[in-house]
Amino acid sequence: MERRTIGATALEVGAIGLGCMPMHWAYTASQQSGEGALRTVHAALDAGVSLLDTADMYGPFTNELLVGRVLRERRSEAFVSTKCGLLVGEQHIVANGRPGYVKRACDASLRRLQTDVIDLYQLHRPDPEVPVEETWGAMAELVSAGKVRALGWCAIGARTRRRSRAGLYDATVRQLERVQQVFPVSCVQAELSVWSREALDALVPWCASRGVGVLAAMPLGNGFLSGTLTPGQGFEPEDIRARHPRFTAEMMAANQPIVAGLRRVADRHDASAAQVALAWVLAQGRHVVPVPGTKKARWAVHNAAAAELRLTGEDFAELAALPRALGSWY
């Protein structure tokens with residue numbers, strides 16, 4: 001598989017990563033299986049995927065424990081990315097960016113992951129009660145201590161902070177400019193897909209101009225762009241799509257032309273809609289690495305094969321002409 005560099009570091013990963021979140025968090029709990037998830041991570045590594053993306057809040061904690069079971073056997077094959085800064089309660093999630101907590105969280109993640117060093121340590125969300133420079137400074141100390149190799153910023157929550165007439169990631173870019181003065185940002189994780197292109201306006205170019213990598217989260221649109229979901233199928237109560245404006249029966253039906261467009265392109269390449277969606281993300285820059293999530297080994301292998309798909313000018317023109325997604329978050 002093609003290799004890509006995370007930011008200005010010497011750290012390389014496969015062109016496509018594996019998002020481990022669905023294995024223990026946010027999606028169809030009835031289909032979550034510990035042993036099945038283990039097989040999925042192993043299958044991804046066998047297919048050339050190296051970046052494994054997790055977080056301490058997924059589970060919470062159980063997702064890191066799962067990845068740790070794999071790392072115990074195959075640490076040299078994996079690039080480990082995890083996150084800190086969010087605490088999960090009974091009915092809520094709160095940010096904690098206090099320096100002491102960040103350092104304790106890192107030590108706990110190292111134990112669960114069964115490794116001596118985390119390749120990429122990301123701030124899941126900034127704490128509004130703590131100056132972001134203080135949080136980032138504590139994370140930088142982890143690099144100095146040899147516990148972490150590089151630092152990343154998770155911008156997936158930017159949609160909740162958008163102000164009227166402001167760019168979706170304007171506030172994120174301002175925060176990145178601030179922490180960049182404390183310690184280099186190696187990577188930014190943000191939503192990027194055929195039906196969520198907002199990061200291309202400012203965030204992806206900002207990263208490109210500074211040698212910062214981009215982890216494209218939800219590159220398959222929470223599964224919709226794979227074409228495997230049926231309008232009106234319903235979701236389990238804890239599934240995030242049960243509350244997602246784009247996953248009502250009406251909006252899923254209305255957005256089918258996007259999937260149809262992906263399938264038309266896929267037919268020209270003997271590929272799938274999901275593979276075309278991932279190839280489109282890969283084409284947004286050499287610094288971009290899509291991180292599709294899955295619980296199943298066959299989909300991890302299938303997604304990894306998208307790294308070999310080369311879209312044509314005709315393909316890009318057709319994908320650029322797809323209608324905007326309805327039921328937007330924004």
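What's the FRET efficiency of R243 with E73 using the Cβ-Cβ distance as r and R₀ = 45 Å, to the nearest 0.05?
Working: r = 37 Å, r/R0 = 0.83.
The value I calculate is 0.75.
Taking DSSP loops as anything outside H, G, I, E and B, show the longest stretch in the chain free of GluC sites (Glu not before Pro) there with at most 13 other beta carbons within 10 Å. Let's see the in-between values first.
Values: sites that count: E2, E90, E129, E238.
After excluding every exposed loop site, the longest remaining stretch is 130-237.
On the basis of the beta-carbon distance and an R0 of 25 Å, R3 and A208 show a calculated FRET efficiency of 0.90.
Here are a few candidate values for Kirkwood radius over Cα pairs in Å: (1) 19.9; (2) 20.9; (3) 23.8. Which one was actually calculated from the structure I just gave you? For Kirkwood radius over Cα pairs in Å, the calculated option is (1).
On full extension of the chain, what length is gained from A253 through E35, given 0.36 nm per residue of separation minus the C-alpha to C-alpha distance? List each step's numbers first, then the result.
Details: separation 218, 0.36 × 218 = 78.48 nm, distance 3.44 nm.
Length gained between A253 and E35: 75.0 nm.
Just checking the listed ones, T54, T82, T115: in the Gaussian network model of the chain with Cα springs under 10 Å, the one fluctuating most is T115. Spacing of the modelled spin labels on F316 and R264, each 7 Å from Cα toward Cβ, amounts to 1.9 nm. In this simple spin-label approximation, S144 and D107 carry label points 7 Å from Cα along the Cα→Cβ vector, and these lie 1.8 nm apart. Restricting the range 127-234 to trypsin sites (Lys or Arg not before Pro) that sit in a DSSP loop and have at most 13 other Cβ atoms within 10 Å of their own Cβ leaves R163, R165.
Every number in this text was worked out from the coordinates using simple rules, so none of it is lab data. Bear in mind that the values here come from a model prediction, so they are computed numbers and not experimental data. Positions of Cβ are backbone-derived with ideal geometry, glycine not excepted, and every protein chain shown enters the neighbour counts.
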